[in-house]
Amino acid sequence: MKVLRYLRLYASLVRFAASTAIVFRADFWCRILMDIAYYATMIGFFAAVFQHTDTLGGFSVPQARVFVAMFLVLDSFHMTVYGTGVYSILQLVRKGDMDYYLLRPVSTLFLVTLREFSLASLLNLSIGLWLLYSAIASYPQQLQPSSIIYGLFLLLNGTFLFYILRVLFIVPVFWTISGDGIMGMFYALRDAAERPHRIYPRVLRIVLMTIVPFALMASVPAELMFRPFEWSSFLLICAVTLCSFLMMLVVWKRALRAYGSASS
Amino acid sequence: MTSPRAVAQIMSIELRNKLSYRADLLIEIGCTLFARAYLSFVVWQAVFQQTGTNTIAGYSQTELLVYFVLAAFIFDLNSINLGFISEDIYRGLLSKYLIMPINYQFYKIISWLGRSLVQFLPLGAALILFLVFGNSQDTSRMTVFSLLVGIFVCLLGNVLNVILYSTVEFLGFWSDKVWSLSIGLHLLVYFAGGIMIPLGALPYSIGEVFRYLPLYLMVGFPTEVILGHVHGLALIRGLLAMLAWFVLLQTLSRAVWRRGLQMYGGVGI
């Protein structure tokens, strides 16, 4: 019943986002242009790097294509569903506007992070999915359907992990008020996830797979997709995601308790 | 004409604003900048290891690391937001600047200079350390002259940056939200400006086109000048390209500003 109620609420938020997109038409097209610029940057970068080498971090060109497409899907999903909502927490805390959301009879985390559905990015998500489909379809060796399903499952897990990490990196604003530094750190780590994890030194790689698991979002799923199934990797990913999720819930609760309702 | 005292006052206020969040600033300089440089470098380090080559696009491994640190610093100087011009327009806050006895764009450039002073210090220190203690093989092209010319070019590049971004932000007179355009431009600078990749590592024809775009002239060009990779005729050509873009963008910017002001109602939302 509760799930249905939240689904209905989410449907209303999406409907509201659609009407906002119609009002702010220029913003709608600007967002599409922005995402296209990002896609061009990512693809151009890897195309340029592969002019100088045949493999990068263990990925051949066709494998890197799948990895880049996976990351683009991940990023556009983030931009479509929760990117703007999570980012708005910075302003809500600084201006003391979080009060309005605390008073609502639904989960504050749900409402604040998922209220800004971006219709423009939905179009880019479909472009990302098409890129992923063509990268998998043009892969020189035949990929087993089970490998593809496994890869997609890990990608789905990656999008969830991205959400968790996004929230975890924004909540310090409840204590620090200015979250620019910590957000800069988040973007740097996110940029680290844009590269194959095997190019990093061992220690950093382990950190990126456990403590701040950005590598588990796209790079590790892309790699595992091309390898036979291993229980150890699968369990590690599940355990890290679960721990991160529990940590997010605890930190969020503490953050709300620390919220002083004062604006600055 | 704005008095030097007013200019100093604006810069001082901006500098104090920047220093008021010291922890943020430290994270920004320590983590974000070096992380960005490292992330660009680590990819090329992997290429060096994979191929066993000694140079890529004319850079040795150490030189490439210095290139990325420098480019990240200069990019960060460019990235300091212009005070959300479009937001000023959207909220009607522009009105207060209009009654000030100072040109709005000039005010933004001065504000930027004030905020970025604090970032020039570590940049200068890092360069001097590199020049003094660096391996002579890696610093052979870099001289005190190239450093001084490079810093001058960096300042020119930043003026170009302010004009380019403000022209985009002035579109806020016609559209309520243009932040995504600024971010799109930012991303293009990241790639075509030479932050992720030195232009020499791109296919020749693409690299040559990028060399004449303001995106490269704002970041990659000053970086290469400091490192002594651009000199003589290439330096003059780059400076002339900067001048041409300055005239073009300034004319465009003024035209957009004048037209926009006619539409501006002074009422925010």
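Structure values in brief
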| item | result |
| --- | --- |
| Cβ-derived FRET efficiency at R0 25 Å, A:Arg8 paired with A:Phe153, nearest 0.05 | 0.35 |
| Extreme residue, positive dipole direction of segment A:2-258, given options A:Ala69, A:Trp252, A:Phe153 (C-beta unit charges) | A:Trp252 |
| Dipole of segment B:4-263, positive direction: furthest Cα of B:Leu33, B:Val47, B:Gln105, with charges on the beta-carbon | B:Gln105 |
| Shielding by other protein chains, B:14-25, mean Cβ within 10 Å | 2 |
| Debye, to nearest 20: dipole size of the protein assembly as shown, +1 on Lys, Arg Cβ, -1 on Asp, Glu Cβ | 1200 |
| Taking chain A and dividing mean pair separation by its residue count, relative contact order in percent (alpha carbons under 8 Å, at least six apart) | 26 |
| Rounded tilt (10° steps) of B:34-51 against the dominant C-alpha axis of chain B | 30 |
| Set of aspartates and glutamates near B:Lys18 by C-alpha distance (under 18 Å), chain-local residues within fewer than 8 positions excluded | A:Asp180, B:Glu28, B:Asp76 |
| Sequence of B:Lys177, A:Lys95 once ranked by neighbouring C-beta atoms within 10 Å, starting from the fewest | A:Lys95, B:Lys177 |
| Angle in degrees between helix A:83-95 and the longest Cα principal axis of chain A, rounded to the nearest 10 | 30 |
| About the Cα centre, charge dipole magnitude for chain B (Lys/Arg +1, Asp/Glu -1 at Cβ), debye | 660 |
| Residue-averaged beta-carbon neighbours from other chains (10 angstrom radius) around A:57-64 | 1 |
| ³J(HN,Hα) computed for each position of segment B:210-217 - Karplus, 6.51 cos²θ - 1.76 cosθ + 1.60, integer Hz, glycine/proline x | 4, 4, 9, 8, x, 4, 6, 5 |
| Order by protection proxy (mean Cβ within 10 Å, highest first), peptides B:222-234, A:69-81 | A:69-81, B:222-234 |
| Protection proxy ranking of B:158-170, A:123-135, B:93-105 - average other beta-carbon atoms within 10 Å, highest first | B:158-170, A:123-135, B:93-105 |
| Separation in nanometres of the label points that stand 7 Å from Cα toward Cβ, at B:Glu208 and B:Ser12 | 5.3 |
| Spacing of the two label points (7 Å from each Cα toward its C-beta) at B:Leu243 and A:Val106, in nm | 6.1 |
| Which listed pairs, of A:Lys95/B:Lys177; A:Lys2/B:Lys177; B:Lys96/B:Lys177; A:Lys2/A:Lys253, have C-alpha distances above 27 Å, in listed order | A:Lys2/B:Lys177 |
| Karplus-derived 3J(HN,Hα), 6.51/-1.76/1.60, for each residue of segment A:240-245, Hz, glycine and proline x | 5, 5, 4, 4, 5, 5 |
| Given charges at beta-carbon only (K, R positive; D, E negative), |dipole| of chain A in Debye | 700 |
| Sites B:Phe120 and A:Leu129, calculated FRET efficiency, Cβ-Cβ separation with R0 51 Å, nearest 0.05 | 0.70 |
| Chain B, helix-only ellipticity at 222 nm - DSSP H runs n ≥ 4, -39,500 (n - 2.57), divided by all residues, nearest 500 | -23500 deg cm²/dmol |
| Peptide-level mean, for A:191-197, of C-beta atoms on other protein chains within 10 Å | 3 |
| Highest to lowest packing among B:188-200, B:37-49, B:143-155, scored as the average C-beta count within 10 Å | B:188-200, B:37-49, B:143-155 |
| Residue-wise HN-Hα coupling along segment A:51-59, computed from phi with Karplus coefficients 6.51, -1.76, 1.60 (Hz; x: Gly, Pro) | 6, 10, 8, 8, 9, 9, x, x, 8 |
| Cα gyration tensor category, rounded, prolate or oblate, for the protein assembly as shown with a/c compared to 1.5 | oblate |
| For chain A, calculated [θ]222 nm from helices alone, where every DSSP H run of n ≥ 4 adds -39500 (n - 2.57) | -24500 deg cm²/dmol |
| Angle between chain A longest axis and helix A:180-193 axis [Cα atoms, degrees, rounded to 10] | 20 |
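Taken together, the values in this text are just the output of simple stated rules run on the coordinates, not laboratory data. This one's a predicted model, so the numbers in the text were calculated from it and none came from an experiment. With ideal geometry, Cβ positions are generated from the backbone for all residues, glycine too; neighbour counts draw on all protein chains shown.
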